[in-house]
Amino acid sequence: MWAFMPGPAGGGDGLFMEEMAAPQYAGVNLYSRPNTEAGRRFNQALGAMPGAKIGAVEAPHLWVFFRTPARPLYDSYSPDAAPGEIGVTVARSFNDLAA
């Protein structure tokens, strides 16, 4: 998604996406800057959203494809719950029980 290369260079897209599928990159958002109308349509077709924001920095010319898994609706855990509030989470694996 970072580089759309038509023609013979297009094989680079597949290699890039293969690397991004590796476990160490799971949940890492992808950022793109389409320079043409075709690039904008490509980003839109993939589900990217215009206007990236990282911390206090806004970049309206960048598009972001969110890969961070959304918390399930049934998981109501709130790590910032005030004293006296109830926070509940669902353990989806044994690793969740260790935390």
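Are any residues in region 24-44 part of a helix (DSSP H, G or I) and among the polar types (S, T, N, Q), and if so, which ones? Within region 24-44, GLN24, ASN43, GLN44 qualify.
Listed by first and then second residue, the pairs linking a residue in region 22-48 that is at pLDDT 90 or above and of a type in the set (A, V, I, L, M) to a residue that is outside any helix (DSSP H, G or I) and surrounded by 11 or more Cβ atoms within 10 Å (Cβ to Cβ), with Cβ atoms under 7 Å apart and 6 or more places separating them unless they lie on different chains, are ALA48/SER32; ALA48/TRP63; ALA48/VAL64; ALA48/PHE65. The residue list PRO83, PRO60 contains one member that is exposed (fewer than 11 other Cβ atoms within 10 Å of the Cβ) and at pLDDT below 85, which is PRO83.
The values are calculated or read from the model by the stated rules, or taken from the named source; none is laboratory data. Since the structure is predicted, the reported quantities are computational estimates derived from the model, not experimental observations. Every residue, glycine among them, receives a Cβ derived from its backbone with ideal geometry; neighbour counts consider all protein chains shown.
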